[in-house]
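The block underneath contains the structure these notes are about, expressed in structure tokens.
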Amino acid sequence: MLALTLDQVQVSYPGLETPVLDIRSLTVAAEECVAVTGPSGSGKTTLVNIITGLACPDRGRVLWGAEDIAALAEARRDRWRAETIGLVMQEFHLFEGLSALDNVLLPARLRRATGRDTLDHAHALLARVGIKRANQSTATLSRGEMQRVAVARALLRRPKVLIADEPTASLDPGHGAEVAELLLSLARESGATLIVVSHDERLINRMDRSLTLSAGRLANAAFAGLAA
Amino acid sequence: MIRFILADLKRLWAASLIIVLLVALAAALGVGITLQERALRLGSARAADKFDLVIGAAGSETQLVLSSVFLQPAPLPLLAGDVLAKLKQDPRVAFAAPIGFGDSFKTYPVVGSTPDLINALNNGAAPEGGTPAGEHDAVIGSAVDLTIGQSFEPMHGAAGDAGHVHTEFSYQVVGRLMPTGTAWDRAIIVPIEAVWEIHGLHAEEEPPGVPAILVKPKTIADAYRLRGEYRGDQTVAVFPGEVLTRLYATLGDARQVMSIIALAAQALVAGAIALITIAHVAQRRRQIGALRAFGAPRSAVFGIVWIELLTLMGTGIALGFLVGWVAVRLISDQLTRQNGVVLPVEFQGGDLGLALLLLVAAAVIAAVPALLAYRQPAVAALRS
């Protein structure tokens, strides 16, 4: 399983004086479950983009295990992400017209990464997240069910890291709690490192620890710095 | 990927349909122009097949061919009466048949001639019903709406003109010709002597003049010699095929102009589609970003957009070929009903090249939004 280390990471946008993300040092241990909180505009999404390899920092290293993903070329980074990271977003990004099962399989199929057991695994995951009919069209799912399908999709390729960006923010409290429970228990079952950006207190409280971002810096930076 | 593309097209069916129809119309325009010009060319060439050499009084060669081969009414100057007699006695001539215009019945031209012409038009066979024997016997083309045994009175002037009816003279239909796919299918052929008589010309005094003579030379060499001899101050001799070739050159120019117009229309459609699809890709940047974020490679994103568009445009091109063919078929059938000339509407090997060219153009156009999708950053998936 993978640990995350950020080292002197900085992201700036032209026209802005201060960097939107400025983290001197951050370490997340393998299999740790960490919450990231902070007001909007504090750099949470930028942090997710950087640690998933969707974007690269202007400076610094982003180490997952021994691999600095900031140094990888875009295609390599895409492949690394597909193999390593399971992503759950606030918007479910399920594709209309495809069944729950096809949605779960879509990213792997587009990468031609479906093996013999992939289909069985997809069925098992859908059953695990509580979707009874795998061939149900996504248009007929409730919002809670949609996010559960998205969780199953994130886990299909047995990622070493699970990253969720506000996974419960667009759900009612009942469905939100279900999804939070699923994320935590599935991460623990699979031994994946879990990083969740959230405002949801009930979710944050169940994580191993919580980081707070403020204006692109870790609010408990002194503590994190000492720990490193 | 195919399942995703199908689901996507189903979801965007209205926009997809518009793209297919736009492409189909643009393709049909180009295909239609090509097919119609070809049909006119082939049809007229086949119509002139039986007319080896046509001799008329000095004047327009084109008009002589249009009047004799296509029976287009026009006042032709008359040949001197002795030309026909001289040709009939010429040893190089298999037959020489006069073609005399002037009368009509309903919308059908009444043409005065001799049995030689009937033979030539009917490939040597006797007309169905019988061969004309007397001055009042008429033979009709296959598309003439008269029955054998029916009588009619000819009207002076071309079909559709206001003229007087020759009530003093009537013909009886004795035979019907086989279909030839030419203007002569709509003709009523009567003895030339009857035409002269109706118009007060009498063959006994001195041979009356005729507007045109169809000549069948015995050999090709004879044909050229005869044409040379009868090209002079008084007469003109033409190979209809040669005159048509000149007309095709003009027709070809017209086609070229129309092809340029069609090409411009196609370019406009191509531009419109490029704009629509680029806007569409921009609208879908979050979805495309999400695909990338979940692990789809950039090549798959390119492939999805490219195959989707190429499928739509390919369908449009195929549909356009069908629509173009059907439209030209309908137009040509209407023209055949009006003047008898059968216009063959057919695709040729070269059309495959046009289809391929359009497909290649479609592939290039589809590559533009596909490339934009390919280059779209994956970060767009996440809320910002």
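The values are calculated or read from the model by the stated rules, or taken from the named source; none is laboratory data. Just so you know, these numbers come straight off a predicted model, no measurement behind them. All Cβ positions, glycine included, derive from the backbone under ideal geometry; neighbour counts span all protein chains shown.
Just a few scattered comments:
- Residue, surrounded by the fewest Cβ atoms within 10 Å (Cβ to Cβ), within segment A:92-119, restricted to residues that are more than 7 Å from chain B (Cβ to nearest Cβ) and touching a strand residue (DSSP E or B) at 6+ places or on another chain (Cβ under 9 Å): A:99
- For segment B:146-193, filtering for residues that are out of contact with any strand residue (DSSP E or B) (no Cβ under 9 Å at 6 or more places or on another chain), surrounded by fewer than 20 Cβ atoms within 10 Å (Cβ to Cβ) and polar (S, T, N, Q) leaves 1.
- For segment A:112-137, the set of residues classified as at pLDDT 90 or above and farther than 22 Å from residue A:181 by Cα consists of A:117, A:118, A:119, A:120, A:135, A:136, A:137, listed by residue number.
- For segment B:97-108, residues that are in contact with a Leu (Cβ under 6 Å, 6 or more places away or on another chain) and surrounded by fewer than 23 Cβ atoms within 10 Å (Cβ to Cβ) total 0.
- Among the candidates B:295, B:289, residue that is under 17 Å from residue A:93 (Cα atoms), buried (at least 19 other Cβ atoms within 10 Å of the Cβ) and without any contact (Cβ under 8 Å) to a residue 24 or more places away in the chain: B:295
- Within segment B:218-240, the only residue that satisfies the criterion of being touching a strand residue (DSSP E or B) at 6+ places or on another chain (Cβ under 6 Å), of a type in the set (Gly, Ala, Ser) and not in a helix (DSSP H, G or I) is B:237.
- When segment A:121-165 is filtered for residues that are in a loop (DSSP other than H, G, I, E, B), within 13 Å of chain B (Cβ to nearest Cβ) and either more than 19 Å from the chain's Cα centre (by Cα) or of a type in the set (A, V, I, L, M, F, W, C) (or both), the ones remaining, listed by number, are A:135, A:156.
- Considering only residues in segment B:143-197 that are aromatic (Phe, Trp, Tyr) and at pLDDT 90 or above, the one that is nearest to the chain's Cα centre (by Cα) turns out to be B:184.
- If the condition is being out of contact with any helix residue (DSSP H, G or I) (no Cβ under 6 Å at 6 or more places or on another chain), basic (Lys, Arg) and under 30 Å from residue B:68 (Cα atoms), then segment B:243-289 contributes only B:246.
- Residue within segment B:6-25 that is within 14 Å of chain A (Cβ to nearest Cβ) and either within 29 Å of the chain's Cα centre (by Cα) or among the aromatic types (Phe, Trp, Tyr) (or both) present: yes
- You will find that of A:118, A:168, the residue that is farther than 19 Å from residue A:78 by Cα, of a type in the set (Ser, Thr, Tyr) and within 16 Å of the chain's Cα centre (by Cα) is A:168 and no other.
- Candidates B:281, B:326, B:301, B:305 - the one that is more than 26 Å from residue A:98 (Cα to Cα) and either of a type outside the set (Gly, Ala, Ser) or within 14 Å of another protein chain (Cβ to nearest Cβ) (or both): B:326
The rows are residues; the columns are (1) surrounded by fewer than 17 Cβ atoms within 10 Å (Cβ to Cβ); (2) more than 15 Å from the chain's Cα centre (by Cα).
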| position | (1), (2) |
| --- | --- |
| B:254 | yes, no |
| B:257 | yes, yes |
| B:267 | yes, yes |
| B:272 | yes, yes |
| B:276 | yes, yes |
| B:308 | no, yes |
| B:345 | no, no |
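- Number of the condition not met by residue B:133 [criteria: (1) part of a loop (DSSP other than H, G, I, E, B); (2) crowded, with 16+ Cβ neighbours inside 10 Å; (3) of a type in the set (A, V, I, L, M)]: (2)
- Checking A:63, A:16, A:2 one by one, the residue that is without any contact (Cβ under 8 Å) to a residue 24 or more places away in the chain and over 16 Å from residue A:211 (Cβ atoms) is A:16 and no other.
- Number of the exception - residue B:330 against (1) farther than 19 Å from residue A:95 by Cα; (2) at pLDDT below 95; (3) among the hydrophobic types (A, V, I, L, M, F, W, C); (4) exposed (fewer than 15 other Cβ atoms within 10 Å of the Cβ): (2)
- Some residue of segment A:126-138 being touching a residue at least 12 places away in the same chain (Cβ under 8 Å) and closer than 22 Å to residue A:55 by Cβ: no
- Residue check, residue A:67 in contact with a helix residue (DSSP H, G or I) (Cβ under 8 Å, 6 or more places away or on another chain) and more than 14 Å from every other protein chain (Cβ to nearest Cβ): yes
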